[in-house]
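Taking it in order: structure first as C-alpha cells, then the write-up.
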Amino acid sequence: MATTTASMATLFAKTPYQSHSLPKSLNTHFVPSFKLPVSLITRPKTHSRIRISAGLIEPDGGKLVELFVEESNRDVKLREAGLLPKIGLSSIDIQWVHVLSEGWASPLSGFMRESEFLQTLHFNSLRLEDGSVVNMSVPIVLAIDDAQKSRIGDSTRVALVDAEENTIAILKDIEIYKHPKEERIARTWGTIAPGLPYVDETITNAGDWLIGGDLEVIEPLKYHDGLDHFRLSPTKLREEFARRNADAVFAFQLRNPVHNGHALLMTDTRRRLLEMGYENPILLLHPLGGFTKADDVPLSWRMKQHEKVLEDGVLDPETTVVSIFPSPMLYAGPTEVQWHAKARVNAGANFYIVGRDPAGMGHPVEKRDLYDADHGKKVLSMAPGLERLNILPFKVAAYDKTKGKMAFFDPSRAQDFLFISGTKMRTLAKSKESPPDGFMCPGGWKVLVEYYDSVAPAGNGKVPAAVPA
C-alpha cells in the first residue's frame with residue numbers, strides 16, 4: 001500500500017476546522033427511528049428525540065488534548081531526555097503513547113496515575129475538576145519492574161525510549177504505584193482464565209509497578225509501513241469531516257475484512273440518517289491498527305482489502321473516510337467497546353455502529369464465547385460519560401439465496417438465508433474457493449485469498465512468521 005488510488009487519496013485533504021458541539025443534554029440511547037430488535041434494552045423514560053446539529057460533537061472535556069512538544073523545542077527536550085533515567089517501551093506501550101499523544105483518550109494527559117487508574121478500574125469513568133464525568137473504561141498504564149523503579153530513584157521525570165534507544169517521550173511529574181495485576185485482569189476482562197491474548201502479551205510478565213505522569217511526546221509517531229497516510233489523528237479527522245460539511249459522523253470499528261453485509265449495514269445507516277433529517281452524514285470506516293491476536297488478518301492486508309471495497313464501488317468514497325485507529329485490541333468485550341466508542345467521540349463521531357459481541361472472543365479455556373453477544377450494545381446504551389453518543393445496533397445481515405446477495409435477515413423465511421461465519425470465510429479463502437456471488441466484492445476476496453496463501457505452510461511444513469499488526 002505504498003501508493004493508493006486517486007479515489008482514496010481524495011479522502012485526506014487538510015483544511016481548517018471550526019469546532020461545534022451537539023447539545024449536552026442529548027442522552028445516550030439507541031436511535032428510535034431505526035427498527036431495532038425488541039430484546040434491546042434502552043433507558044426507560046430518558047429518550048429524547050435526535051437533535052439535528054450543524055456541527056461536530058465536542059471532545060470529552062471540551063477540547064482535544066494533544067501532547068506533542070513544539071517543533072522549535074524538540075532539540076531542547078531531546079537533550080533533557082538524555083540526562084534522565086530511561087524506561088524502555090514495548091511495541092504496545094508505543095501504541096498507547098500514540099493514542100495518548102493525539103488526543104484519542106482526551107482529557108488524559110499521559111499514562112494514568114493511581115487515582116485515574118482506580119476510577120477507570122472501578123467506575124469505567126473519570127470525574128473531572130468541574131464535576132463532569134467522561135467515559136474511560138480501560139486502563140492506559142505503563143508497567144515497570146523493581147530494577148527500573150530503583151534506577152528512577154527520586155527523579156520526577158523519565159525518558160521513554162524504543163527498542164533502539166530512540167527517545168519517544170518524556171514522562172514528567174511521575175507517580176509510581178503498585179500494579180494489582182489480578183484485580184486489573186479480573187475487572188477488565190471479567191475472568192482471570194489463562195490464554196487472554198492481551199494479558200499474555202502485556203500483563204502476565206510485566207513489572208509489579210505502574211508509573212503515571214504527564215507526557216511530552218517528541219514528535220508524531222510514524223511506522224514507516226506504507227500506511228502512515230491512513231493514520232489520521234482526531235484533529236485531522238475533524239478537519240476532513242468539516243471540509244466535507246458533515247452534519248453527522250457515524251463510526252464503524254472493525255478488525256476484520258469488510259464483506260457486503262457490513263457494506264449493506266453502513267449504506268443503510270446513511271440512508272436512515274438522511275431520512276432523520278441530516279443532510280450529509282459521513283461514514284468513518286475505522287479499522288483497528290494496534291496489537292491484534294495471532295489469527296486475526298494483519299493490518300496491512302486488511303487495508304488492501306478495504307481499498308478494494310472502495311475501488312469496486314461497494315462503499316462510496318465521497319461519503320466514506322477510511323482511517324486507522326492506533327489502539328491495541330484488548331478483546332475485553334463490553335468493557336472495551338466503551339473505549340472504542342469514547343475514542344470516536346473525540347474524533348468527531350456522534351453515531352456509533354455496534355454489532356454482535358463487540359470486542360469479544362471465544363473463551364480461552366471453555367468452548368463458548370467469553371461474553372454475552374448482546375451485552376456490548378446494552379452496556380453502551382447505559383455507559384457513564386457517553387450520554388451524547390447515539391448507538392446504532394447492527395441489523396443482522398446474511399446471504400439471501402433467493403436474491404443472490406447480502407440482505408437483512410427475515411426470520412419469516414429463514415430457510416432462504418445462509419450465514420457465512422468467519423470460520424467458514426477463512427476456510428474458503430484458505431482453500432482458494434469462492435464464496436457465493438454477492439458475499440464480498442471480487443477484488444476484496446482476492447486479497448483475502450492472497451493473504452491466506454502467503455501464510456500457508458511452506459514445503460518444509462513450517463508456517464511463515466506472522467506479520468505484526
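The values are calculated or read from the model by the stated rules, or taken from the named source; none is laboratory data. Please read these numbers as outputs of a predicted model, since none were measured by experiment. FYI the Cβ positions are ideal-geometry reconstructions off the backbone, even for glycines, and counts take in every protein chain you see. Quick note on the areas: whole protein, heavy atoms, side chains included, nothing else; ligands and nucleic acids left out. Shrake-Rupley method; radii C 1.70, N 1.55, O 1.52, S 1.80 Å.
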Within 13 Å, Cβ to Cβ, of Arg74, how many net charges do the neighbouring residues add up to if Lys/Arg are +1 and Asp/Glu are -1? -4
Determine the per residue accessible area of the range 228-455 with all protein chains present and a 1.4 angstrom probe, expressed in square angstrom. 35 Å²
Considering only the chain, what is the antiparallel percent among its DSSP beta bridges, to the nearest 5? 50 percent
In the range 71-217, carbon and sulfur make up what percent of the accessible area (probe 1.4 Å)? 45 percent
DSSP-defined antiparallel bridges as percent of all bridges, the range 350-469, nearest 5: 65 percent
For the range 71-217, alpha-carbon Rg relative to the globular expectation (2.2 N^0.38 Å, N residues): 1.05
Taking the Cα atoms only, what angle lies between the long axis of helix 442-454 and the longest principal axis of the chain, rounded to 10 degrees? 50 degrees
Rounded to whole angstrom, the alpha-carbon centroid of the range 396-445 lies from that of the range 146-204 at a distance of 43 Å
Which longest uninterrupted range of the chain lacks any GluC sites (Glu not before Pro) assigned by DSSP to a loop state (not H, G, I, E or B) and surrounded by at most 13 other Cβ atoms within 10 Å? 166-278
Could you give P(r) for the chain, binned at 10 Å from zero, as whole percent values over all Cα-Cα pairs? 4, 19, 30, 28, 14, 4, 0, 0
How big is the charge dipole of the range 71-217 about its Cα centre, in debye rounded to the nearest 20, if each Lys and Arg gets +1 on its Cβ and each Asp and Glu gets -1 on its Cβ? 180 debye
Filtered hits (lysines, Cα-Cα < 19 Å from Lys395, offset >= 8 within chain) -> Lys35, Lys377, Lys378, Lys403, Lys405
Which ³J(HN,Hα) values, rounded to whole Hz and listed in residue order, are derived for the range 325-342 from phi using the Karplus coefficients 6.51, -1.76 and 1.60 in 6.51 cos²θ - 1.76 cosθ + 1.60 with θ = phi - 60°, glycine and proline given as x? 8, x, 5, x, 9, 9, 6, 10, x, x, 5, 6, 4, 5, 4, 4, 6, 4
Can you list residues whose amide H is under 5 Å from Gly355's amide H, if they're 5+ apart or on another chain and H is modeled 1.01 Å from N? Phe394
Each residue of the range 285-294 in turn: what ³J(HN,Hα) in whole Hz from Karplus with 6.51, -1.76, 1.60 and θ = phi - 60°, glycine and Pro shown as x? 8, 10, x, 6, x, x, 3, 9, 6, 4
